[in-house]
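Peer 1: There's a structure below that I have some questions on.
The values are calculated or read from the model by the stated rules, or taken from the named source; none is laboratory data. Every value quoted in this text rests on a predicted model; they were computed, and no experiment measured them. Here the Cβ is made from the backbone with ideal geometry for all residues, glycine too, and neighbour counts use every protein chain on show. Heads up: the accessible areas ignore ligands, DNA and RNA and are worked out on the full protein's heavy atoms, side chains in. Shrake-Rupley method; radii C 1.70, N 1.55, O 1.52, S 1.80 Å.
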There are 2 protein chains.
Amino acid sequence: MTVQKQQTKRPLRADSERTVRAILEAAERVLAANPAATMEQLARAAGVARTTVHRRFATREALLDELTDWAARQFAEAVDAARPDAAPPLVALYQITANVLRVKTDWSFAMNRPVEDSHPEAARMHAEVRATCVRLFCRAQEAGVLRPGIDLDWTRRVYYALIHEAAKEGAGGEDIDALATRVVDTLLRGAGAPGGLAGA
Amino acid sequence: MTVQKQQTKRPLRADSERTVRAILEAAERVLAANPAATMEQLARAAGVARTTVHRRFATREALLDELTDWAARQFAEAVDAARPDAAPPLVALYQITANVLRVKTDWSFAMNRPVEDSHPEAARMHAEVRATCVRLFCRAQEAGVLRPGIDLDWTRRVYYALIHEAAKEGAGGEDIDALATRVVDTLLRGAGAPGGLAGA
DNA sequence: ATTACTTGCAACACCAATGTTGCATGTAAT
DNA sequence: ATTACATGCAACATTGGTGTTGCAAGTAAT
């Protein structure tokens, strides 16, 4: 009698998984706007009672941890889906940008939080993405897409920042492809005039 | 007897002003790292007792409000000091960048907080700076420094983001001028190769 | 030394968020 | 109908941060 539902994840009444997702999504959304949001607020935003949240996540910390891991996973998947090590650098760059923008219109919370301590899993994923990104930029450099001699880690950080900025705009239901184009274009060409005085 | 120190701001024992500054600076620094920091933590970071903080700022909200205004003021001053409407666009751009980087190694807190509501003073200052920035970019565009037809507000946001990113690095005691150069260079030229495939 | 002022420290009341429990309700399987 | 599960609700204890007060000590003027 103990095990009559044979499935691995036991869907059972089938709502549990969905509820967790709803909570995590609501948490990401609300915490991005207000990092000090109450459990009550998170619960309300997810459409459940506060006690239900506590049933799923023993403590607030536990919820934040799960959220951090979950966001990192989505982030990594969005990057990997673009075949960053196989596709031509420019194509991969564009694809990654679009994928990331699509997955999360705004990361601000789970992304910008100190993930280094006590989150080995998330930290690993972020580091991996970072490495993938630098690898891609390196290929791009060899292909003549990126200027030679440029600081690749600085470039990566600028890239992150551009995506972040574009994501804010994306909340208004803009066209993802247009945003991705703008990000890549800005990253590569900047805002200066072609024959400009930039070298002065 | 009531007024024997005639000065407008009554320096008196002369420490009060200094203490307030120390508290605000510490608050900015600590809150940037942890927006949920305790009054106790802020006090310790400022090198004073918690009660002293409460003597200067009736409530936590009051402290945050003052901090917001204070940061906005410094921001505005850093920009104005560069004569953004008089100096040649490129010079002004560089000067603003350096000034801002010098004044605040990290804004993240006072800058990225919802300043629109209940902070009319700070909101006004930020709006003014934003306008000044766009005006400068407009002049830069006319001077052939910025590409014609480019979205000036997007450019401004990218500029802010670049400064923000450079500021993180600046914490490590890097050379301000080198950072400013990098920011301006990245803003104008991006990271792509000159004759690159960027137009593809 | 006295005065004016500020700070640190300890103690306190207060409150809001956290985390817990029990119970009634609802729903989908059996 | 019964079983198995999940939820909402109300009530509760606990905790940690906030804001207050009183007092002793320290410092710079007079």
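Peer 1: Sort all Cα-Cα distances of the protein assembly as shown into consecutive 20 angstrom bins from zero, then give the percent of pairs in each bin up to the one containing the longest distance.
Peer 2: Over the protein assembly as shown, the share of Cα pairs per 20 Å bin runs 23, 53, 22, 3, 0 percent.
Peer 1: Show me the helices of chain A, taken as full DSSP H stretches, that run 20 Å or more along their long axis by Cα and average 0.0 or above in Kyte-Doolittle hydropathy.
Peer 2: Helices meeting the span and hydropathy rule in chain A are A:16-33, A:89-103.
Peer 1: Also: Could you give me the percent of Cα pairs per 5 Å distance bin for the stretch B:72-136, shortest bin first, beginning at zero and ending with the bin that holds the maximum distance?
Peer 2: Pair shares across the bins are 3, 19, 27, 25, 16, 8, 2, 0.
Peer 1: Output, in nm with one decimal and in ascending order, the distances from the A:Ala58 label point to the matching label points of the other copies (7 Å from Cα along Cα-to-Cβ).
Peer 2: 4.4
Peer 1: Which percent of the accessible area of the stretch B:68-188 is formed by carbon and sulfur heavy atoms (probe 1.4 angstrom)?
Peer 2: 54
Peer 1: Relative to the Cα centre, what is the charge dipole magnitude of chain A, using +1 at the beta carbon of each Lys and Arg, -1 at the beta carbon of each Asp and Glu, and rounding to the nearest 20 debye?
Peer 2: It works out to roughly 580 debye.
Peer 1: To continue, here is another question. What does the extension gain come out to for B:Ala58 and B:Glu25, with contour length at 0.36 nm per residue minus their alpha carbon separation?
Peer 2: This chain segment gains 10.1 nm when fully extended.
Peer 1: Using helices alone, what [θ] at 222 nm do you get for chain A, with -39,500 (n - 2.57) per DSSP H run of 4 or more residues, divided over all residues and rounded to the nearest 500?
Peer 2: Per the formula, -21000 deg cm²/dmol.
Peer 1: With only alpha-carbon pairs counted, each pair once and no self-pairs, how large is the Kirkwood hydrodynamic radius of the stretch B:79-192 in angstroms?
Peer 2: 14.6
Peer 1: Above 15 Å lies some portion of the pair distances; for the stretch A:108-165, what is it as a whole percent of all C-alpha pairs?
Peer 2: More than 15 Å apart: 56 percent of the Cα pairs in the stretch A:108-165.
Peer 1: Say each of A:Val103 and B:Val134 gets a label point 7 Å from the Cα, pointing the same way as Cα to Cβ; how far apart are those two points in nm?
Peer 2: 3.4
Peer 1: Continuing with the same structure: When the dipole is taken about the Cα centre of the protein assembly as shown, and only Lys, Arg (+1) and Asp, Glu (-1) are charged at their Cβ, what size is it in debye, to the nearest 20?
Peer 2: It comes to approximately 740 debye.
Peer 1: How far apart, in nm, are two points set 7 Å out from the Cα along the Cα-to-Cβ line at A:Ser118 and at A:Asp177?
Peer 2: Result for the modelled spin labels: 4.5 nm.
Peer 1: With the label 7 angstrom out along Cα to Cβ, how close does A:Gly144 come to the same site in each of the other copies, in nm, nearest first?
Peer 2: Spelled out, the distances from A:Gly144's label point are 2.7 nm.
Peer 1: Please give the residues from the stretch A:128-147 for which the solvent-accessible area of heavy atoms, probe 1.4 Å, is smaller by at least 50 Å² with all protein chains in place than with the chain isolated.
Peer 2: With the partner chains in place, the stretch A:128-147 has these residues losing at least 50 Å²: A:Arg147.
Peer 1: Continuing with this model, one more query. Give the Kirkwood hydrodynamic radius (Å, one decimal) of the stretch A:13-57, defined as one over the mean of 1/r across all pairs of different Cα atoms.
Peer 2: About 10.3 Å, per the Kirkwood formula over Cα pairs.
Peer 1: Please calculate how many Å² of accessible area chain A carries per residue, with a 1.4 Å probe and no DNA, RNA or ligand atoms counted.
Peer 2: 53
Peer 1: Which net charge results for the neighbourhood of A:Arg130, defined as the other residues with beta-carbon distances under 9 angstrom from its beta-carbon, given Lys and Arg at +1 and Asp and Glu at -1?
Peer 2: -1
Peer 1: Leaving out ligands, DNA and RNA, what percent of the accessible area of the stretch B:14-57 is carbon and sulfur, probe 1.4 Å?
Peer 2: In the stretch B:14-57, the share of accessible area belonging to carbon and sulfur is 45 percent.
Peer 1: Given a cut-off of 30 Å, what percent of all Cα-Cα pairs of chain B lie beyond it?
Peer 2: Above the 30 Å cut-off, chain B has 33 percent of its Cα pairs.
Peer 1: To continue, here is another question. Suppose a student asked you for the relative contact order of chain A, using Cα pairs under 8 Å spaced at least 6 residues apart; what percent would you report?
Peer 2: 19
Peer 1: Nearest 100 Å² is fine: how much accessible area is buried between B and A, summed over both sides, with a 1.4 Å probe?
Peer 2: Adding both sides of the contact gives about 2900 Å².
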